[in-house]
Amino acid sequence: MSEHGVVIIGAGQAAAQAVLSLRTEGYEGPIRMIGDEPQPPYQRPPLSKKFLAGEIGFDRVELKPAEFYASAGCELLLSTRVAAIERPKKLVLTGDGREIAYDKLIIATGSRVREINVPGFDLEGVHYLRSVGDVHDIQSHFKPGAKLVVVGGGYIGLEVAAVAKKNGIEVTVLETADRVMARVVDPIVSTFYERIHRAEGVVIRTGVTVDGFEGEGGRVTRVVSGEGESFPCDFVVVGIGIIPNTELAAAAGITVENGIVVDECGRTSDPDIYAAGDCSNHPNGIYGRRLRLESVHNAIEQGKAVAATLTGKEKPYNQVPWFWSDQYDLKLQIAGLSTGYTQAVVRGDPEHGRSFAVFYLKDGVLVAVDAVNRAPEFMMAKLLIAKHAKLDPTRLADETINMKEVANA
Amino acid sequence: MTKVTYVEHDGKEHTIEVAEGLTLMEGAVKNMVPGIDADCGGACACATCMVYVPEEWLAKLPAKEDMEETMLDFCEHSQPNSRLSCQIKATKNLDGIRVTMPESQH
Ligand SMILES: Cc1cc2nc3c(=O)[nH]c(=O)nc-3n(C[C@H](O)[C@H](O)[C@H](O)COP(=O)(O)OP(=O)(O)OC[C@H]3O[C@@H](n4cnc5c(N)ncnc54)[C@H](O)[C@@H]3O)c2cc1C
Ligand code: FES
């Protein structure tokens, strides 16, 4: 590598990891990180958890103190958007007209919120949640007795509902599907979370499609459903999924198919360009197929794999995906992917308790777990999934058998 | 400020003044001490922030909550003196504490 060194587009979780790992792997050349947000890389999970709740400040959300980048010899170009990648000249063009040359380029542009395209979408008081700025906007409505409608019963929407409820806000969650978190968990888990939220006083309405927002004086006051129902509100938080930021790559002719296509080491179809994090689509050997994941673990591990590759090592990323969500006193930990499971085995009592696990088996082989306040089940399952362990469902469900013994049939 | 000495697996030491209220995990991560990955940022969800605490300091630490206890129970390099550093806040009575990092957090 010569004088231009590594340029990273995006300044989020994967980008920060790449800088750290490039240096620990011994890379000594220049690094430039270009991000369109004003802050250096920060963690997003607290944005719908402790940071939204006001329990921690931004100093505990940022990934590294700003001085880190200087001491690591990484030039930070913040509030700067990359407008194009010019592969023939090996440079990126910024929105403000600068040309930045690279020897190797890492695309770590993450994802953006999916916007809701219904009348009234631009009324004041309709918010999304992706950035620190969004949190401040949402918090400005946190007054006891205020009415919040959350559009979308995914994990972000439900986390916001839990925090808002704790702040004395009246919360209604509207979900189009017939159950919450339908995209990620089994009905057993959905039913459990609906019970918990209702017990906490949150109104959960499933099978409700939002058709529009209505307001007065430019501010939202009602959410209207396709079924003709009207839900009064002072503010709205929309959480209906994300879209990977792949346009830059696609416009530059890099292969994109549901994410920027990379191999286990983060290489794209251009040998000088790598991608990591939410924007990428990688092969997973454990499941034998390609995945596009939206998780911190994925961003960190891909950041590490790219850094290793750039320093001439091979450290392919091939792990069991995992994720967590905090709502009230409940920690949900998900390992693996349940897609295509043939049997769900419950350990514990989701109907009455606040702690249980659901194991997903595909033809007897463990492929995933959803664990609520159940660290042993989560930790053990993570190991067993990687080994394609075939498990006896009756032993899995039997709480008198310790998780460490479950696999020893 | 609480003085914390982090000892890498190979014996290399890092002594850091950690602001009170921050966790020992944050003290390490924010000061580029290698050996603590802390993937989940302190949510007690990942168990990649494990440290070993010497006998004389163990008793001064607040007791483990269930979640920490059970996560540790299933960690690869876990020992009886293991703790998750994201669950330990820097306080005055921990001034001078030494913790050791495992060879790897996976
Ligand atoms: C509210 C919320 C809660 C979450 N909770 C969890 C959780 O509990 N557990 C979990 O594992 N994951 C969680 N996630 C997901 C996790 O935060 C993401 O998967 C992770 O941040 C992905 O990292 P990344 O580096 O790929 O992208 P990001 O962290 O999003 O970083 C990408 C950056 O690139 C910037 N960018 C994009 N295009 C350009 C451009 N053209 N020029 C310059 N900059 C650009 C973006 O603005 C952004 O700053 C949560 C996400 C959100 C929003
Ligand atoms: S940082 Fe994840 S458990 Fe401590």
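A few points about this structure:
- Distance violations [Cα-Cα > 21 Å] among A:382/B:89; A:64/A:90; B:12/B:64; A:104/A:315; A:64/A:313: A:382/B:89; A:64/A:90; B:12/B:64; A:64/A:313
- In order along segment A:268-285, the phi-based Karplus estimate (6.51 cos²θ - 1.76 cosθ + 1.60, θ = phi - 60°) of 3J(HN,Hα) comes to 8, 6, 9, x, 9, 10, 10, 9, 8, x, 3, 7, 9, 10, 10, x, 10, x Hz; Gly and Pro are listed as x.
- Considering only A:357, A:53, A:161, the mean-square fluctuation computed in a Gaussian network model of chain A, springs between alpha carbons under 10 angstrom, is largest for A:53.
- Three-way shape call for chain A based on the alpha-carbon gyration tensor, with the a/c threshold at 1.5: oblate
- For residue A:327, the amide hydrogen comes within under 5 Å of the amide hydrogens of A:332, counting only partners 5 or more places away or on other chains and with H modelled in the peptide plane.
- Candidates A:228, A:168, A:277, ranked by Gaussian network fluctuation over chain A, Cα under 10 Å, top entry: A:228
- If R0 equals 30 Å, the separation of the Cβ atoms of residue B:13 and residue A:58 corresponds to a calculated FRET efficiency of about 0.50.
- Overall form of chain B per C-alpha gyration tensor (a/c, 1.5; a/b vs b/c): rounded
- Stretchable slack from residue A:363 to residue A:214, in nm (0.36 nm times residue separation minus alpha-carbon distance): 48.7 nm
- Gain on full extension, evaluated as 0.36 nm per residue between residue A:205 and residue A:257 minus their Cα-Cα distance, stands at 15.3 nm.
- The distance between label points at residue A:272 and residue A:3 comes to 1.5 nm (points 7 Å beyond Cα on the Cα→Cβ vector).
- Annotation: the antiparallel percentage among DSSP beta bridges lying fully within segment A:8-136 is about 50.
- Lysines with Cα under 18 Å of residue A:165, excluding same-chain neighbours fewer than 8 positions away: A:49, A:50, A:143, A:147, A:331
- Amide proton proximity set for residue A:181, modelled H, under 5 Å, gap of 5+: A:153, A:154
- Per residue of peptide B:45-53, the mean number of Cβ atoms on other chains within 10 Å of the residue Cβ is 3.
- Average other protein chain Cβ within 10 Å of Cβ, residues B:19-25: 1
- DSSP bridge pairs, segment A:126-240: antiparallel proportion in percent, nearest 5: 35 percent
- Averaged over the residues of B:34-41, the number of partner chain Cβ atoms lying within 10 Å of the residue Cβ comes to 5.
- Theoretical FRET efficiency, 1/(1+(r/R0)^6), r = Cβ-Cβ of residue B:55 and residue A:28, R0 35 Å, to 0.05: 0.30
- Using a cutoff of 8 angstrom between alpha carbon atoms and counting only pairs six or more residues apart, the relative contact order for segment A:292-409 works out to 19 percent.
- Accessible area, probe 1.4 Å, largest first, for residues A:326, B:66, A:96: B:66, A:96, A:326
- Relative contact order computed over chain A (Cα-Cα under 8 Å; 6+ residues apart), in percent: 14 percent
- Entry note, segment A:2-56: relative contact order of 43 percent, from Cα contacts under 8 Å with a spacing of 6+ residues.
- Counted over the protein assembly as shown, the DSSP beta bridges are approximately 60% antiparallel.
- Counted residue by residue at 0.36 nm each, then reduced by the alpha carbon distance between them, the extension gain from residue A:79 to residue A:390 reaches 107.0 nm.
- Gaussian network model of chain A, Cα within-10 Å springs - most flexible of A:245, A:298, A:258: A:258
The values are calculated or read from the model by the stated rules, or taken from the named source; none is laboratory data. Worth saying up front: this structure is predicted, and the values here are computed from it rather than measured. Backbone-built Cβ (ideal geometry, glycine too); neighbour counts: all protein chains shown. Only protein heavy atoms, including side chains, enter the accessible area calculation; ligands, DNA and RNA are left aside. Shrake-Rupley method; radii C 1.70, N 1.55, O 1.52, S 1.80 Å.
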